[in-house]
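> One structure, pasted below without further comment.
Any read-out appearing in this document is the output of simple, stated calculations on the displayed coordinates, not a laboratory observation. Just so you know, these numbers come straight off a predicted model, no measurement behind them. Here the Cβ positions follow ideal geometry from the backbone for every residue, glycine too, while neighbour counts run over all protein chains shown.
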Amino acid sequence: MNVYLRKSWHLLGLVLPAAYYFGALSRPTVLLIVAVITAGAVVLEILRFRFAVVARAFTAVFRVLMREEEFRRLNATIPFLGATFLTLLLFPRTLAFVAMAFLALGDAAAGIVGRRLGGFRLRADKTLAGTLACLAVCFVVGWYFVGWKLALVGAGVAAAAELLSPGWFDNFSVPLASGAAMWAVAHATGVNFPS
C-alpha cells in the first residue's frame, strides 16, 4: 500500500461534496451520483469475494491503495461512500462539506504525519502526532468555513473519532460524528446554515 496514493483517494472523495457546496451540482444530483457509485462498489465487493477472477483483477488494479487486511475483508471505500451519502443527506450544505473535508484532509494528515513522525502511540495503530495533525488540519478547515467555535467542536470530535474508531470505521465515523456535533452546537446556539 502506498499511503500517499491511498490518502489521495480520500481527497478524490471530496470532489462531489465540493461540487455540491460550491453549487455546481444540486443535493439530489450529488446524492444520486453517490448512491450509484456506492451500489457499484458494493456489487464489485460482492463479486470480488465470490469469484477469484474478479478478485485477481480488482487486486491488480487497486493493490497500491489497499491495506493488507482489505484483501480479506470489506474495502474501506464502502464505508467512505456510505458516510458521504449520509453526511450529504443529513446535514446542511456547509456542515456536510466541512465534515467530509475533515475526513478527506484530517484523516490524511493523521495517516501521513503519524507514519512520518511516529512517536508516542495512543493506540497500536494511532500516534499522538497523527491525532494532533488531524485536529489541527480539521480546525483550520473548519475555521475557514464555519468559524472558530464550530471548528473547535467539529475538529475535536473528528480527531476523537479518527483516534477511537477501529480499522476503517473512521471513514464512517469522522464525517457523521463531526457533522452531528457541529449541527447540534449550531442548532443550540441559533446558528443557521442553508440546506
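> Given an 8 Å cut-off on Cα distances and at least 6 residues of separation, report the relative contact order of the range 3-189 as a percent. Please report the intermediate quantities before stating the final value.
Details: 248 pairs, mean separation 41.8, N = 187.
RCO, the range 3-189: 22 percent.
> Relative to 2.2 N^0.38 Å, what does the C-alpha radius of gyration of the range 3-189 come to as a ratio? Two decimals please. Walk me through the intermediate numbers first.
Numbers: Rg = 16.5 Å, N = 187, 2.2 N^0.38 = 16.1 Å.
Relative to the 2.2 N^0.38 Å estimate, the range 3-189 comes out at 1.03.
> Another question, if that's okay. Among 56-67, 110-121, how do they line up by average Cβ neighbours within 10 Å per residue, starting with the highest?
Numbers: 56-67: 13.7, 110-121: 16.5.
So the peptides 56-67, 110-121, ranked by packing, come out 110-121, 56-67.
> Summing +1 for each Lys or Arg and -1 for each Asp or Glu, what net charge is found among the other residues whose Cβ lies under 10 Å from the Cβ of ALA110?
Working: positive: LYS7, ARG115, LYS126; negative: ASP107, GLU162, ASP170.
Spelling it out: positives minus negatives among the neighbours equals 0.
> Rank VAL98, VAL53, VAL42 by mean-square fluctuation in a GNM of the chain with C-alpha springs under 10 angstrom and give only the top-ranked residue.
Among VAL98, VAL53, VAL42, the largest GNM mean-square fluctuation belongs to VAL53.
> Here is a further query. Taking the Cα atoms only, what angle lies between the long axis of helix 128-146 and the longest principal axis of the chain, rounded to 10 degrees?
50
> What net charge is computed for the residues neighbouring ALA19, neighbours being all others with C-beta under 15 Å from the C-beta of ALA19, Lys and Arg scored +1, Asp and Glu -1? If you can, show how the numbers build up before the last one.
Working: positive: ARG27, ARG93; negative: none.
Net local charge, ALA19 excluded: +2.
> Follow-up. With axes computed from alpha carbons, what is the tilt in degrees of helix 148-164 against the longest principal axis of the chain, rounded to the nearest 10 within 0 to 90?
So the inclination is approximately 30 degrees.
> Add +1 for every Lys or Arg and -1 for every Asp or Glu among the other residues with Cβ under 12 Å from the Cβ of VAL3, and state the total.
Details: positive: ARG6, LYS7, ARG67, ARG115, ARG116; negative: ASP107.
Once positives and negatives cancel, what remains is +4.
> Given the alpha-carbon gyration tensor of the range 38-78, what are the semi-axes of its equivalent ellipsoid in whole angstrom, ordered largest first, with each equal to the square root of 5 times an eigenvalue?
Details: eigenvalues 38, 31, 17 Å².
Listed largest to smallest, the semi-axes of the range 38-78 are 14, 13, 9 Å.
> Taking the mean number of other Cβ atoms within 10 Å as a proxy for protection, how do you rank 83-90, 123-130 from highest to lowest?
Top to bottom by mean Cβ count within 10 Å: 83-90, 123-130.
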